[in-house]
Amino acid sequence: MTRILSAVVVLSLVGGALPARAQSLGELAQKEAERRKAMGAPEKAAPKKVYTNDDLKGAPPPPPAAAATGQAPAADASKSKNDDKAKADAAKSPQDEKGEEYWRTRMANAREELRRNEIFRDALQTRINTLTADYSSRDDPAQRARIGDDRQKALAELDRVAKAIDDGKKQIADIEEEARRANVPPGWIR
């Protein structure tokens with residue numbers, strides 16, 4: 001009885017999984033043309049513009065080595081504007097460039113990197129604990145060797161992350177010291 005019932009279930013699943021007859025591309029095009037006629041669209045709309053390779057112009061040649069001679073071409077007005085902007089930026093004092101946004105962003109980035117490294121360290125420690133328990137519960141030497149190798153790699157990565165955390169803490173302390181020397185308000189680096 002169960003064989004008959006399972007055969008019926010299998011046949012019904014296989015029969016339901018057979019693909020439906022797909023429409024051919026010609027049928028789809030004919031239906032689309034009928035739909036457009038019903039909507040009142042013209043049979044074939046002429047394209048607005050057809051671009052060919054002849055319509056495309058080649059890229060202009062690069063300017064001569066004006067930078068080497070120190071002279072800017074007269075036609076290159078955008079370069080002279082960029083040069084003026086660069087001179088104005090150079091005239092600013094370093095304190096003008098390092099405003100509140102600079103210090104907040106710099107400190108936030110350093111703290112975020114430290115936070116990510118600490119989370120990664122915790123995850124690595126959990127993995128090491130799991131591998132240690134798994135290692136001690138295995139009897140097969142091949143499995144123990146593979147688990148031991150994975151554990152050693154995780155331990156090496158934990159050492160690297162611990163060093164990165166120490167570097168991150170030092171970086172935050174250095175930013176705080178640099179901000180103190182630059183007379184930055186303490187609220188900017190909180």
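Nothing in this text is a laboratory measurement; each read-out follows from the coordinates by a stated rule. No experiment lies behind these values; they were computed from the predicted model shown. Here Cβ is always computed from backbone atoms with ideal geometry, including for glycine, and neighbour counts include all displayed protein chains.
One residue stands out in the stretch 158-190 among those that are part of a helix (DSSP H, G or I) and over 21 Å from residue 118 (Cα atoms): the one that is nearest to the chain's Cα centre (by Cα), namely 188. Assess whether residue 145 counts as being farther than 26 Å from residue 102 by Cα and under 29 Å from the mean Cα position of the chain (by Cα). So residue 145 fails the test. In this structure, is residue 174 over 20 Å from residue 100 (Cβ atoms), of a type outside the set (Val, Ile, Thr) and surrounded by 11 or more Cβ atoms within 10 Å (Cβ to Cβ)? It is false that residue 174 is over 20 Å from residue 100 (Cβ atoms), of a type outside the set (Val, Ile, Thr) and surrounded by 11 or more Cβ atoms within 10 Å (Cβ to Cβ). Among residues of the stretch 169-190 that are over 8 Å from residue 107 (Cβ atoms), those with a beta-carbon under 8 Å from a residue that is not polar (S, T, N, Q) and not in a helix (DSSP H, G or I) at least six positions away or on a different chain give the pairs 182/98; 184/98. Of the residues that sit in the stretch 120-143 and are part of a helix (DSSP H, G or I) and of a type in the set (Asp, Glu), which one is farthest from residue 162 (Cα to Cα)? So the residue we want is 134.
Within the stretch 138-153, which residues are in contact with a Leu (Cβ under 6 Å, 6 or more places away or on another chain) and within 22 Å of residue 119 (Cα to Cα)? The answer is 150, 151. Among the residues making up the stretch 107-135, those that are surrounded by 12 or more Cβ atoms within 10 Å (Cβ to Cβ) and of a type in the set (S, T, N, Q) are 109, 117, 125, 129, 130, 132.
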